[in-house]
1. Based on this model, can you work out whether residue 84 counts as at negative phi and loosely packed, with under 14 Cβ neighbours inside 10 Å?
2. Do we have any residue at all in the range 61-72 that's closer than 15 Å to residue 112 by Cβ, of a type outside the set (A, V, I, L, M, F, W, C) and not in a loop (DSSP other than H, G, I, E, B)?
3. Just for strands (runs of 3 or more DSSP E) wholly inside the range 91-133: which have at least 1 residues that are open to solvent by less than 50 Å² (accessible area, probe 1.4 Å) and in contact (Cβ under 8 Å) with a residue 60 or more places away in the chain?
4. Would you check which residues across the range 20-78 are small (Gly, Ala, Ser) and either exposed (fewer than 15 other Cβ atoms within 10 Å of the Cβ) or under 15 Å from residue 107 (Cα atoms) (or both) and list them?
5. Filtering the range 48-85 down to residues that are aromatic (Phe, Trp, Tyr) and under 27 Å from residue 30 (Cβ atoms), which residue is modelled with the lowest pLDDT?
6. Given (1) open to solvent by less than 50 Å² (accessible area, probe 1.4 Å); (2) out of contact with any Gly (no Cβ under 7 Å at 6 or more places or on another chain); (3) among the hydroxyl-bearing types (Ser, Thr, Tyr), identify the lone condition not met by residue 17.
Amino acid sequence: MATTTATLTLVSSDLLSDPLSLNVSMDIVAAGTTTGITKTTGLRRQTFPNTNETKILEADDYTDNETSILYLKNTSSTSGRYIDIFLGPSGSSTKVGRLYNGEWALIPWANTADINLQVSNTDILFEWTLLYQ
């Protein structure tokens with residue numbers, strides 16, 4: 001059994017009227033169990049040859065009702081470079097998020113809709129992996 005823990009720390013002295021200090025973590029386990037997940041796509045670092053919406057994960061390749069957590073990072077250091085995240089078939093999908101240069105996300109995925117990305121520039125190197133059971 002693998003042990004995989006995600007930790008998030010948010011700290012700000014001037015975002016709210018009081019200082020913000022939040023530190024949370026979670027063990028990523030198989031759905032409905034306390035058993036660690038055992039599968040990953042492996043960490044991938046890639047660019048796209050164009051700025052078209054491109055599928056990175058196909059829902060049909062995974063099982064619904066299983067734990068799946070997508071890690072995605074825009075590694076660009078150039079201001080204004082972004083990656084849009086879409087759910088659904090390419091061309092009729094729904095945009096669910098945008099990561100600007102240096103930003104990252106952990107996204108729980110239900111494995112019921114394809115995940116597509118669209119980059120603002122072809123020089124964006126992004127990294128991603130899917131952790132699943």
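1. On the way: at negative phi: yes; loosely packed, with under 14 Cβ neighbours inside 10 Å: no.
The answer is no for residue 84.
2. There is at least one residue in the range 61-72 that is closer than 15 Å to residue 112 by Cβ, of a type outside the set (A, V, I, L, M, F, W, C) and not in a loop (DSSP other than H, G, I, E, B).
3. On the way: elements: 94-100, 104-108, 115-119, 126-132.
Passing ranges, in order: 115-119, 126-132.
4. Of the residues in the range 20-78, the ones small (Gly, Ala, Ser) are 21, 25, 30-32, 36, 42, 59, 68, 76-77.
Scanning the range 20-78 gives 21, 25, 31, 32, 42, 59, 68, 77.
5. Going residue by residue through the range 48-85, those that are aromatic (Phe, Trp, Tyr) are 48, 62, 71, 82.
Still in the running and under 27 Å from residue 30 (Cβ atoms): 62, 71.
Working: 62: 95, 71: 98.
Here the answer is 62.
6. Just one mismatch for residue 17, condition (1).
The values are calculated or read from the model by the stated rules, or taken from the named source; none is laboratory data. Computed from a prediction, not measured in an experiment: that's the story for all the values here. Methodologically, a virtual Cβ is constructed for each residue, glycine included, from the backbone with ideal geometry; neighbour enumeration extends over all protein chains shown. Remember, those area values only see protein heavy atoms, side chains included, never the ligands or the DNA or RNA. Shrake-Rupley method; radii C 1.70, N 1.55, O 1.52, S 1.80 Å.
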